[in-house]
1. Near the amide H of Asp38, under 5 Å away, which other amide H atoms are found, from residues 5 or more places off or on another chain, if H is placed in the peptide plane?
2. Using a ≥ b ≥ c from the Cα gyration tensor of the stretch 5-175 (square roots of the eigenvalues), is it rounded, prolate or oblate, where a/c under 1.5 gives rounded and otherwise the larger of a/b and b/c decides, a/b for prolate?
3. Residues in the stretch 79-98, backbone N under 15 Å from the label point at Gln10 (7 Å along the Cα-to-beta-carbon vector): list them, ranges by number please.
4. Under the definition of Cα pairs under 8 Å and six or more residues apart, what whole-number percent is the relative contact order of the stretch 5-175?
5. So, counting K/R as plus one and D/E as minus one, what does the shell of residues with Cβ under 12 Å around Trp99 add up to?
6. With +1 on the Cβ of every Lys and Arg and -1 on the Cβ of every Asp and Glu, and nothing else charged, how large is the dipole of the stretch 5-175 about its Cα centre, in debye rounded to the nearest 20?
7. Find how many whole Å separate the alpha carbon centroid of the stretch 76-99 from the alpha carbon centroid of the stretch 41-75.
8. Placing +1 on the Cβ of each Lys and Arg and -1 on the Cβ of each Asp and Glu in the stretch 5-175, which of Ala170, Ala109, Gly51 has its Cα farthest towards the positive end of the resulting dipole?
Amino acid sequence: MTPDYAMMQQLLRTTMPDATPAALHGLVAGLLTSGAPDIDEEDISTLMQSGFSPVMGQLVSMLISSTRSQLQEPEFTFQLLLPEDDVALVQRVQALGNWCESFTAGFSAGFMQAETALGSEGREALTDIAELASLSDEIDNDIEDEENDYMELVEYVRMAAITLFQQLAAAEAESNPDAEISPFMAPDGQDHLLH
């Protein structure tokens with residue numbers, strides 16, 4: 001189950017006021033999509049350079065688990081954690097920009113395969129997501145009629161993340177054809193993330 005955005009926002013406001021649920025989810029999704037070894041809330045805490053309260057740690061652990069499950073689903077159930085549709089479009093666009101920025105940071109921190117593993121489609125998807133990170137800097141208050149554009153961007157980013165995940169999982173399987181490992185587990189069982 002994916003945590004509720006408003007509930008997460010309220011919790012973050014009291015424990016980590018500079019963080020947003022969108023940025024946190026983007027970071028988690030970026031790490032998982034990169035093909036990183038099995039990750040946990042401590043890895044996220046290290047990347048965010050902030051300790052988590054016990055409640056926040058549990059929430060992040062749940063976010064990692066639900067995001068991993070969604071990315072692995074063949075039915076493409078993965079969804080970006082963004083504000084609900086009744087939130088002002090300006091805020092939703094800003095959250096999407098934050099999600100993309102954090103996704104790019106998480107992906108960069110976790111990516112350990114050869115760049116060729118990305119393929120041209122994967123590289124293009126990653127470049128597009130990185131460019132969308134600037135959305136939060138470019139918004140103004142006169143975009144309320146851009147609802148359809150926003151929805152198309154969200155769908156594009158969602159599918160780009162799934163494409164990257166599948167591309168790197170396939171590359172990992174190809175480079176280790178005899179190994180029966182999860183795309184998130186290092187072959188030797190060691191956690192190499194952020195080392």
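A short reminder: the numbers here are calculations on the coordinates, not readings from a lab. Remember, it's a predicted structure, so these values are computed and weren't measured experimentally. Note: ideal-geometry Cβ built from the backbone for every residue, glycine included; neighbour counts use all protein chains shown.
1. Met185, Ala186
2. oblate
3. The answer is 84, whose backbone nitrogens lie closer than 15 Å to the label point.
4. Relative CO of the stretch 5-175 lands at 33 percent.
5. On the way: positive: Arg92, Arg158; negative: Glu101.
Residues close to Trp99 contribute a combined charge of +1.
6. Numbers: 5 positive and 30 negative charges, 161 e Å.
Using only the charged Cβ atoms, the result is roughly 780 debye.
7. Spelled out, the Cα-based centre of one part sits 18 Å from the other.
8. Gly51
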